[in-house]
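A short reminder: the numbers here are calculations on the coordinates, not readings from a lab. Just so it is clear, the structure is predicted and the values come from calculations on it, not from any experiment. Glycine gets a Cβ as well: all are built from the backbone with ideal geometry, and neighbour counts include every protein chain shown.
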Amino acid sequence: MLLALLAILVAGSGTGSIAGRVTTAPTCPVEQEGHPCPPRPYAAHVTASAGGREVAAADAADDGRYRMEVPAGDYTVCADPRSGSSFPRQECRDAHVDAGRDTEVDLVMDSGIRGASGGGGGPPRAERPPIVSDPIPFPARRKYEMRLYARRHYGLDRYTLVHPHVIVEHVTATSTYRATWNTFASDAPDPELHERPGTCSHFVVDPAGQIHQLVPLGLMCRHAVGLNWTAIGIEHVGLSDGQVMGDRAQLAASLKLTCWLRSRYGIALRNVIGHNESLSSPYHHERVARLRHQTHGDMRHATMTRYRAALRRACAA
Ligand SMILES: [Zn+2]
């Protein structure tokens, strides 16, 4: 009787678990008949995040198995390399957890041996530059608005940013960091498309070269039509491409930040793009017909050719 009561109490406390197995693949450069090339277990560092915040973490065992207890809810589960290297690549999946139940989440990480991102291997490893945390409010209402936006524009039922593939560089067309922060914090419908949530970007680099983080990397932000579902946004305070490219402190900080993000998420150089290049990204996807050709004039191709050349040097250094 007491045990039964206890069981009910535990079930009622609203926790469940996420469990599964992490593997890496492919494990040989070319698969040949008679020589199978099965995925290999991998002792990854596994995390469960909700709303961009880490809720639980576990290290997978040598057989790749892991398990963590979490409150019932929706999570993004990610497997990261443990050694601090770029390989195997981070892999994430969304999961729903019910109280008193196991949710199975198996994760297959890209070993990188076939150069999946092109150009043979991933971006060089880079250190995290100094970043000032200055979050804008992102309450449940804004997350709900973001979820509705993702449904309308991408057919995705989530407000989380999962395994980003693209970094979009922008220019604010404002002259102060504070003005930019205020615009992003307001959550007002944007003046152009009149939609909520309001626009935002994950990072803003100011003219003094200070990097500010406004939004956690696990949340989707509205900064580039067609790409918000998979793109990290970096704004540069300034009035033109030329002003940002001519500001040595600002450019140096921007390159360091972008190198670190590329290293963290395995993002290829060609997927670091300017806002004005958004329509030519292979990741561009927009369900609303009248927006399929919408882009902005900031960070044009000519600017980004110079930016990517500088980035290649900066990341290799
Ligand atoms: Zn822009």
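Quick look at the numbers
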| item | result |
| --- | --- |
| Inter-label distance for A249 and E104, nm, one decimal - labels placed 7 Å from Cα along Cα-to-Cβ | 5.6 |
| Sum of -39500 (n - 2.57) over DSSP H runs of 4+, divided by residues of the chain (222 nm, nearest 500) | -7500 deg cm²/dmol |
| Estimated distance in nm for a label pair at R53 and T27, the labels positioned 7 Å out from Cα along Cα-to-Cβ | 3.9 |
| Pairwise centroid distance, computed over Cα atoms, of the stretch 259-312 with the stretch 43-105, Å | 29 |
| Computed FRET value (nearest 0.05) for H194 with R40, which takes r as the C-beta separation and R₀ as 41 Å | 0.20 |
| Cut-off of 10 Å, at most 12 other beta carbons, DSSP loop: longest stretch of the chain lacking such GluC sites (Glu not before Pro) | 193-317 |
| The chain: translational diffusion in µm²/s, Stokes-Einstein, Kirkwood Rh over Cα pairs, 37 °C, 0.692 mPa s | 157 |
| Extension gain, V288 back to H96 (0.36 nm per residue minus Cα-Cα distance, nm) | 66.3 nm |
| Tail beyond 16 Å, pair distance distribution of the stretch 16-110 (Cα, percent) | 53 |
| Karplus-derived 3J(HN,Hα), 6.51/-1.76/1.60, for each residue of the stretch 189-203, Hz, glycine and proline x | x, 5, x, 8, 9, 6, 10, 10, x, x, 6, 6, 9, 5, 10 |
| For the stretch 132-316, average projected area of the Cα convex hull in nm² | 9.3 |
| Loop-located trypsin sites (Lys or Arg not before Pro) in the stretch 259-291, at most 14 other Cβ atoms within 10 Å (DSSP) | R287 |
